[in-house]
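Comments concern the structure below.
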Amino acid sequence: MSWIRERELSFIERLTANILKAGPMPKHVAFIMDGNRRFAQKAHVQRQEGHSQGFEKLAETLRLCLNLGIHEVTVYAFSIENFKRSKEEVDGLMELARQKFSRLLTEQENLEKHGVCIRVLGDLTLLPIDLQQLIAKAVVATKAHNKCFLNVCFAYTSRHEIANAVKEMAWGVEQGLIKPSDVSEVLLSECLYSSNSPNPDLLIRTSGEVRLSDFLLWQTSYSCLVFQSVLWPEYSFWNLCEAVLQYQLSYRSLQKAGNLHREGQALQQMEADRSCVAELLQHRGNGKPMDAQSQQKELLNYTASREERVHCFLNALQHKRDTAPFLPRRAAASV
């Protein structure tokens, strides 16, 4: 089964897509692809067949997203918590991943045609080494493509991702690359597995479950969350349209909330910089009061130095990730 299924929309589907595209459209959609096991039970087939059908639906849905002008998709393929399932099911999922990433390596012409860049996000050290190496080859093979992006979260949970980001900031402080005062929400976002992508505009979970299951908790604070009862292997163009419509109905309130949050972050950073400058001036202790213009100059100088420190830290962090064996932290387009 191909990573992108060639599928032309019917006349009524094209008409619906054009109507939807007259309104605000999500640029990045995330999916919790839930319901494969229940689908297998419903269809009276083996559980592994349910997971295979789920992958086929991913290929079809990626094509539907492209038809709607959605150029970035993130999917929850395998949670760290899934390792707690039976050995038989986990081994089956690892084998399915081997098959699909091996298939990807044979589909270069089709992926290049659509410009699909594959990224794999998660703690890949938890995977078998042969699968780590296969994922690395698959990711490198598509890293130059830039028309659309598929982020596959594999061996992933959001809490693990956030904890890892905190550890990496602590590493930066230990190495003297950044100061403790440089740590912020914005910097933590830059240390996440998903730092190469904008936050999802829309998150969709299938199967009727109303929870995020430790998926993109940080990134979806201001996303539209849509929970649909359909099982993932039965997902359709019309289910996707329904979710996009819900996003459009929520668009203004989500934009307003997101803008307010970003403004708050900027003000918080400015206050933190002012506090650091005041502390530096106090330590100098020349006893002479500084006029407002001089204080502003000091603030601008400090802000520039902080931004340079953060820039150097992020470059060093990227180098650290890229040189790690078998891409243990993540396999990303920057490899």
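The values are calculated or read from the model by the stated rules, or taken from the named source; none is laboratory data. Keep in mind that this is a model prediction, so the values were computed, not measured. Please note: Cβ atoms are built from the backbone with ideal geometry, for glycine as well, and neighbour counts cover all protein chains shown. Heads up: the accessible areas ignore ligands, DNA and RNA and are worked out on the full protein's heavy atoms, side chains in. Shrake-Rupley method; radii C 1.70, N 1.55, O 1.52, S 1.80 Å.
Numbers for the structure displayed
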{"item": "Out of LYS42, LYS27, sole residue that is in contact (Cβ under 8 Å) with a residue 60 or more places away in the chain, more than 21 Å from THR74 (Cβ to Cβ) and surrounded by fewer than 18 Cβ atoms within 10 Å (Cβ to Cβ)", "result": "LYS42"}
{"item": "Residue that is touching a residue at least 60 places away in the same chain (Cβ under 8 Å) and either surrounded by 17 or more Cβ atoms within 10 Å (Cβ to Cβ) or closer than 18 Å to LEU150 by Cα (or both), where the choices are ARG47, ARG103, ARG98, ARG63", "result": "ARG103"}
{"item": "Among residues of the stretch 161-175, those that are more than 22 Å from ASN199 (Cα to Cα), part of a helix (DSSP H, G or I) and open to solvent by 40 Å² or more (accessible area, probe 1.4 Å), counted", "result": "4"}
{"item": "Single unsatisfied condition, HIS71 versus (1) over 21 Å from the mean Cα position of the chain (by Cα); (2) open to solvent by 70 Å² or more (accessible area, probe 1.4 Å)", "result": "(1)"}
{"item": "Criterion: surrounded by 18 or more Cβ atoms within 10 Å (Cβ to Cβ), over 12 Å from the mean Cα position of the chain (by Cα) and closer than 30 Å to ASN67 by Cα - qualifying residue of ILE178, ILE204", "result": "ILE204"}
{"item": "Selection status of GLU234, charged (D, E, K, R) and within 15 Å of ASP34 (Cα to Cα)", "result": "yes"}
{"item": "Residue list for the stretch 277-320, restricted to those being open to solvent by 100 Å² or more (accessible area, probe 1.4 Å) and of a type in the set (A, V, I, L, M)", "result": "LEU300"}
{"item": "Matching option when the condition is among the β-branched types (Val, Ile, Thr), modelled with pLDDT of 95 or more and outside any loop (DSSP other than H, G, I, E, B), among VAL244, VAL230", "result": "VAL244"}
{"item": "Single condition ARG274 does not satisfy, out of (1) of a type outside the set (Ser, Thr, Tyr); (2) in a helix (DSSP H, G or I); (3) farther than 21 Å from VAL183 by Cβ; (4) open to solvent by 100 Å² or more (accessible area, probe 1.4 Å)", "result": "(3)"}
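Residues checked against (1) without any contact (Cβ under 8 Å) to a residue 40 or more places away in the chain; (2) under 22 Å from VAL29 (Cβ atoms); (3) surrounded by fewer than 18 Cβ atoms within 10 Å (Cβ to Cβ):
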| position | (1), (2), (3) |
| --- | --- |
| ASN110 | no, yes, yes |
| LEU127 | yes, no, no |
| LEU134 | yes, no, no |
| LYS137 | yes, no, yes |
| ALA144 | yes, no, yes |
| LEU150 | no, yes, no |
| ARG159 | no, no, yes |
| SER197 | no, yes, no |
| PRO200 | no, yes, no |
